[in-house]
Amino acid sequence: MSRQTYATCFKALFISPIALLGFGLPSLGQPLMPPQRTALQYNPPNRGAPGYTRNAGSRTGPCGDLTAVQPTQTNWGETLERHPTFGIYLAESAVNLTFELREESSQEILHQVTFDQIEGPGISLYTLPDTAPILEPNQFYRWQVSLDCEQFNTPNVQYRGVKRAGGTIFRRLVSEQLQTTLSTAAETEKPSLLAANGLWYDTVHTLLLQRLHQPDTERWINDWQNLLIHPMVQLNNLMEAAPIECCLASSCVEPKSTSPSVSPSDPGTSTLL
């Protein structure tokens, strides 16, 4: 397990762009969609993921507005990434938010990190660092963020306990056909391609990066809303949420690790989107 703590310069969990694996293996039956421009339509895979719905969506109240950007009806999604990116929504700024990643079958904690300060309101992105164990292909992992409720106490209202949100992630191998399609597609087309192929985490990451790097457009707004209102997603409360950009991980103080990280062997190579 790797345990890390970041300095207060981490006001948002935002890191480098998405990378794709260069495996020439089949995509386990997932459909490949044509590269022409179509409205973004999320096509969730049907893999019989393990159930895990506790605190998947948002809750009301000062301590409750912590949301894992994750389909609320299935509470799981797929990625092509060895070190994927996770979306976390906070309705207001908070301190001491902890992220942890567990192996599904054993529940062993593979990676844990605490951020001293997180900005809000907005969606922060956290990408697993290179020092964290990679996600093995064709396996499920559970992730969770937790927040101490007492920091939101007021003279009139006292909160107790810990608020948690999270979900399940599955890493899929990229097929040669999908790799080729993505590598030749325009940047504006990639969210639709990723969504059509059921890659939830990669779709969210790519869409929010586009929003950070360019002003809102009608096309981007339509894509974001189509993703959030999907019957398996139902994150309508995030329609107006914007991604937060702060310092990058590489700009912050080097984190302290309390144990060596594990890096399982992986024959793949990375190709930048």
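The values are calculated or read from the model by the stated rules, or taken from the named source; none is laboratory data. What you see is a predicted model; the values in this text were computed from it and never measured. Here the Cβ is made from the backbone with ideal geometry for all residues, glycine too, and neighbour counts use every protein chain on show. These accessible areas exclude ligands, DNA and RNA; they are computed on the full protein's heavy atoms, side chains included. Shrake-Rupley method; radii C 1.70, N 1.55, O 1.52, S 1.80 Å.
Miscellaneous remarks
- Taken together, the criteria exclude residue 224 from residues that are part of a helix (DSSP H, G or I), farther than 19 Å from residue 140 by Cα and open to solvent by 10 Å² or more (accessible area, probe 1.4 Å).
- Just one of the listed residues (160, 142) is farther than 16 Å from residue 44 by Cα and in contact with a Cys (Cβ under 7 Å, 6 or more places away or on another chain), namely 160.
- The residues of the stretch 109-125 that are closer than 15 Å to residue 168 by Cα and surrounded by 20 or more Cβ atoms within 10 Å (Cβ to Cβ), listed by number, are 110, 111.
- Exactly one residue among 178, 209, 194 is assigned to a helix (DSSP H, G or I) and farther than 23 Å from residue 137 by Cβ, and that residue is 209.
- If you filter the stretch 163-214 down to residues that are over 29 Å from residue 110 (Cα atoms) and β-branched (Val, Ile, Thr), you find that the one that is least open to solvent (accessible area, probe 1.4 Å) is 181.
- Among the numbered conditions (1) modelled with pLDDT under 95; (2) of a type in the set (A, V, I, L, M); (3) more than 25 Å from residue 118 (Cα to Cα), the only one that residue 195 does not meet is (1).
- Selection of the stretch 167-215 for residues being more than 18 Å from the chain's Cα centre (by Cα) and of a type in the set (Asp, Glu) yields 176, 187, 189.
- Entry remark, the stretch 172-192: residues being in contact with a strand residue (DSSP E or B) (Cβ under 9 Å, 6 or more places away or on another chain) and either under 30 Å from residue 95 (Cα atoms) or hydroxyl-bearing (Ser, Thr, Tyr) (or both) number 1 in total.
- Residue within the stretch 222-235 that is at pLDDT below 90 and charged (D, E, K, R) present: no
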